[in-house]
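As structure tokens, the structure follows; a few thoughts come after it.
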Amino acid sequence: MPGVQALPVYIACCDEFVYVHHDEYWERAWCLTEQFMHWKLGTGESKHRLDPTGLAFTTESSRVQPPDPTYGKLAVEADRIALASMTSIMPYTLPGDEDY
């Protein structure tokens with residue numbers, strides 16, 4: 001699990017964020033965690049979605065709040081502890097949001 005817990009560091013250091021979209025992407029906790037970390041830590045205004053069926057890239061805004069990763073599906077439920085420890089140190093809202 002130590003490598004996964006370094007995910008925020010890797011994402012914070014990235015100049016670009018590219019994800020491979022699939023049917024279950026927005027339901028999976030680790031996929032949502034990637035999006036959450038990029039939303040909170042990324043410096044770019046855009047991210048890139050790769051659709052593997054047509055090999056097409058789509059550019060999207062990085063400033064759109066993703067779904068909360070703590071509600072995503074996990075293949076190994078014990079991973080929820082690591083996921084919660086990574087996401088709990090960062091509030092789910094941004095400064096200026098009503099709930100911040």
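The values are calculated or read from the model by the stated rules, or taken from the named source; none is laboratory data. Remember, predicted model here, so these are calculated numbers, not experimental data. Here Cβ is always computed from backbone atoms with ideal geometry, including for glycine, and neighbour counts include all displayed protein chains.
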Task: Members of region 58-92 found to be over 21 Å from Ala6 (Cβ atoms), in contact (Cβ under 8 Å) with a residue 12 or more places away in the chain and over 14 Å from the mean Cα position of the chain (by Cα), listed by number - done: Thr59
Task: Breaking point among (1) more than 14 Å from the chain's Cα centre (by Cα); (2) modelled with pLDDT under 90, for Leu50 - done: (2)
TODO: Being among the β-branched types (Val, Ile, Thr) and modelled with pLDDT of 90 or more is the filter here, so list the residues in region 1-32 that pass it.
DONE: Val18, Val20
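So which strands (runs of 3 or more DSSP E) stay within region 1-95 end to end and still have 2 or more residues that are loosely packed, with under 12 Cβ neighbours inside 10 Å?
It comes to 18-20, 56-61.
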